[in-house]
Structures are given as structure tokens and as C-alpha cells.
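What follows is a short report on a single structure.
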Amino acid sequence: MDITFTDVGYIYQMNSPFEHTALQALSFHVPAGTFLGVVGHTGSGKSTMIQLLNGLLRPTSGEVQIGDFHLSKTEKPEDFRALRSQVGVVFQYPEHQLFAETVAKDIAFGPENFGVDKVEIERRVERATAAVGLSPELLERSPFELSGGQMRRVAIAGVLATKPKLLVLDEPTAGLDPRGQQEMMDMFYQLHQEEGLTTVFVTHNMDDAVKYADHLLILNDGQKYMEGKPEEVLIEKDKLAQVQLDVPEMVDFLDAFEQTFKTSIPFHKQSAHELAKEIKAVVKGVGQDE
């Protein structure tokens with residue numbers, strides 16, 4: 001599902017004493033199948049952008065296009081349900097949205113609300129449960145009897161059961177320990193690839209941004225500050241510092257390596273294992289030169 005923002009602006013409480021501009025002339029295009037990372041501090045416009053993606057808000061200027069759906073100040077989709085059935089949003093602490101008597105009912109709520117037939121709902125619940133790594137034995141239990149991590153997976157399964165074409169992740173690993181964060185992000189990335197999703201990943205973690213995203217959008221004060229491939233954007237240390245953002249740990253390491261060995265290793269999203277091989281080759285070469 002393609003995403004196109006064209007000169008999008010959004011103003012809260014327009015024409016009132018509390019008027020606040022959240023987005024200004026924001027333009028970007030995301031082809032279907034992209035894993036987009038969105039980075040920016042509080043107040044940069046990330047939350048407003050997310051709400052525009054599933055029609056919770058309509059732009060006060062410009063146009064948002066999501067697949068075949070168009071949203072502007074004067075235009076809206078004839079069927080918002082159709083849009084929202086194709087856009088799944090995982091907010092921070094999604095487990096706070098659980099409410100049903102059993103895990104199965106909670107996961108089934110979305111598809112039921114969108115008019116999916118019973119047989120298909122059962123199939124989707126089964127698939128979504130497996131996708132998030134939950135045991136089928138948990139389906140008849142109350143979600144409130146589960147661990148925090150299991151509750152979060154139930155909430156995510158409920159989003160996946162609607163079979164979205166666009167998956168929006170708003171800081172989905174908030175509150176998890178490092179191991180839980182990696183497991184959760186690996187799960188989302190696997191789903192992204194297997195289901196051919198377009199994924200929008202809002203994060204403040206630059207290491208996650210570079211590891212998972214294939215395109216990056218940095219917002220500042222409601223405007224597009226930088227955009228491009230992570231390996232191109234995240235080496236701009238001075239530009240990022242101007243908006244109080246850090247570079248990934250690997251970029252810092254490569255800077256320190258260059259200062260120590262007077263040799264540059266280009267950053268290209270290499271893994272730690274790949275980087276170790278490159279360092280070994282450089283150090284070996286330095287030793288031979290001496």
C-alpha cells in the first residue's frame with residue numbers, strides 16, 4: 001500500500017486561542033512494501049502523522065493518499081471502515097486496549113467489527129496467534145491472567161487479525177527489556193517480509209531505525225528535516241545533533257575506529273559479524289604495512 005503526503009499541514013483547534021500547528025507542508029512518498037522508520041522528538045509531529053494514516057484526522061491543508069484512499073480538508077473516503085480495515089496501528093502499550101473475556105474474543109473483535117464471516121475469523125485468529133508466538137492453549141483464557149509480554153502479543157494479534165496492508169508501529173517495544181525489544185522487533189520485521197506489508201515504524205531508537213528500516217524520515221517541529229536511506233541519513237552526525245538526535249552506536253564506533261587507525265570503513269548497515277571481518281582485514285593490512 002503506497003503512502004503519499006503532498007504539502008500536508010495540520011492545525012489543532014484552528015481559529016481559537018489554543019491554535020497549534022502540528023504539521024507544516026509535509027511531503028514524502030513511500031512505495032508499497034517499504035519499511036519506513038520515522039524519528040523525531042516529542043512535538044515533532046509523529047503522532048499527528050499516524051492519526052492521518054488511518055483517517056482519525058484529516059489534513060487542514062494538502063492531501064494524504066493511502067493506496068486508493070484520498071484525504072484532504074474537503075475530501076474524505078466514502079467508506080472510512082474500508083480504510084481502517086487496511087491500516088493496522090500498534091500503539092505504545094497496546095495491552096492497555098485489551099477488554100474481552102478471552103484471548104480469542106479479543107483477537108476476533110477487529111475482524112468482527114469489519115464484517116468478516118465467522119469461519120474466516122476463526123482462521124484469522126489461528127494465524128494471528130501463531131504469528132505472534134502465542135500458544136493456542138491460551139485462547140480460552142482471560143487476557144488479564146497472562147504475563148505483560150503475552151498481553152502485548154494478544155493485542156498485536158488483534159491488529160494482525162484484521163489483515164492490514166499498512167502496519168503502523170508507534171514505539172511498540174516501550175517498556176520491554178532489551179531482549180524483549182529485539183524479539184518483538186524481529187517478529188514485526190518477519191511479518192513485514194512474509195505478508196508483504198508496508199510498515200511505518202515510529203521510534204526514538206536509532207539503532208532499531210538503522211537495523212530494520214529501509215527508508216528513514218526525520219521530523220522536527222512538524223516539518224520534514226531529513227529523508228533517505230538509513231545508511232545515508234544516520235551518518236550526518238552534525239545535522240542530527242542540531243535536532244538533539246544521536247547517531248547509531250555503530251556510526252560512533254566507526255568514527256572512533258577511523259581516528260585510531262586513520263582508516264575509514266564505510267557504514268552500510270553491516271551486521272556486527274560483517275563489521276568484524278572488515279576490521280580484521282583493515283588491521284591485518286596495517287600490520288603488513290608496518
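A short reminder: the numbers here are calculations on the coordinates, not readings from a lab. Here the structure is a predicted model, which means the values were calculated and not measured. Quick reminder, even Gly has a Cβ in these numbers, built from the backbone with ideal geometry, and neighbours come from all protein chains shown.
Calculate, for Ala256 and Glu232, the FRET efficiency according to 1/(1 + (r/R0)^6) with r their C-beta to C-beta distance and R0 22 Å; round to the nearest 0.05.
Between Ala256 and Glu232 the formula returns 0.60.
Under the classification rounded if a/c is under 1.5, otherwise prolate if a/b is larger than b/c and oblate if not, where does the stretch 181-290 fall, given a ≥ b ≥ c as square roots of the Cα gyration tensor eigenvalues?
Cα axes put the stretch 181-290 in the oblate bin.
Work out the FRET efficiency for Lys280 and Ser135 from their Cβ-Cβ distance, taking R0 = 45 Å, and round it to the nearest 0.05.
Approximately 0.55, to the nearest 0.05.
Which length gain, in nm to one decimal place, applies between Leu176 and Phe144 when the Cα-Cα distance is subtracted from 0.36 nm times their residue separation? Please report the intermediate quantities before stating the final value.
Details: separation 32, 0.36 × 32 = 11.52 nm, distance 1.78 nm.
Stretched out fully, the Leu176 to Phe144 stretch lengthens by 9.7 nm.
Got a sec to turn the phi values of the stretch 238-253 into Karplus ³J(HN,Hα) couplings, 6.51 cos²θ - 1.76 cosθ + 1.60 with θ = phi - 60°, whole Hz, x for Gly and Pro?
Karplus values, whole Hz, x for Gly and Pro: 5, 5, 5, 4, 5, 10, 6, 10, 8, 7, x, 4, 5, 5, 4, 4.
Take the Cα pairs of the chain, get the Kirkwood Rh, then feed it into Stokes-Einstein at 10 °C and 1.306 mPa s and tell me D in µm²/s.
Here the translational diffusion coefficient equals 76 µm²/s.
Which order, highest average first, do 210-222, 6-18, 185-197 follow once you tally other Cβ atoms within 10 Å for each residue and take the mean per peptide? Write out the running numbers ahead of the final one.
Values: 210-222: 20.8, 6-18: 13.5, 185-197: 15.6.
The most tightly packed comes first, giving 210-222, 185-197, 6-18.
How much length is gained on full extension from Lys118 to Met187, taking 0.36 nm per residue of separation minus their Cα-Cα distance?
22.1 nm
What list of ³J(HN,Hα) values in whole Hz, one per residue of the stretch 69-74 in order, does the Karplus curve 6.51 cos²θ - 1.76 cosθ + 1.60 (θ = phi - 60°) give from phi, with Gly and Pro shown as x?
9, 10, 10, 8, 4, 10
Which shape class, rounded, prolate or oblate, goes with the stretch 85-125 when its Cα gyration tensor gives a ≥ b ≥ c as root eigenvalues, a/c under 1.5 marks rounded, and past that a/b bigger than b/c marks prolate? Please list the in-between numbers first.
Values: a/c = 2.48, a/b = 1.38, b/c = 1.80.
The shape class here is oblate.
With both partners inside the chain, how many of the DSSP beta bridges are antiparallel, as a percent to the nearest 5?
55 percent
What ranking do 108-117, 261-270 get when scored by the average of other Cβ atoms within 10 Å per residue, highest first?
Final packing ranking: 108-117, 261-270.
Take every DSSP beta bridge whose two residues both sit in the stretch 119-240, then give the antiparallel share in percent to the nearest 5. Numbers along the way, then the final one.
Working: 5 of 10 bridges.
In the stretch 119-240, approximately 50 percent of DSSP beta bridges are antiparallel ones.
Kindly identify the stretch 137-177 as rounded, prolate or oblate by the Cα gyration tensor criterion: order the square roots of the eigenvalues as a ≥ b ≥ c, call it rounded if a/c is under 1.5, otherwise compare a/b with b/c, prolate if a/b is larger, else oblate.
Oblate, since a/c reaches 1.5 and b/c is not below a/b.
Quick one: check the C-alpha center-to-center distance for the stretch 5-67 versus the stretch 162-231, whole angstrom.
One Cα centre to the other: 17 Å.
Provide the per-residue ³J(HN,Hα) series for the stretch 205-211, in order, calculated from phi with Karplus coefficients 6.51, -1.76, 1.60 and θ = phi - 60°, each as a whole number of Hz, with x at glycine and proline positions.
8, 5, 5, 5, 4, 6, 6
Anything over 26 Å Cα to Cα? Flag those among Lys224/Lys262; Lys211/Lys237; Lys73/Lys163, in the order listed. Mind showing how you got there, number by number?
Values: Lys224/Lys262 35 Å; Lys211/Lys237 17 Å; Lys73/Lys163 28 Å.
Going by Cα-Cα distance, Lys224/Lys262; Lys73/Lys163 fall outside the 26 Å limit.
Show that you can apply the helix-only estimate: for the chain, add -39,500 (n - 2.57) for every DSSP H stretch of four or more residues, divide by all residues, and state [θ] at 222 nm to the nearest 500.
Rounded to the nearest 500, it is -12500 deg cm²/dmol.
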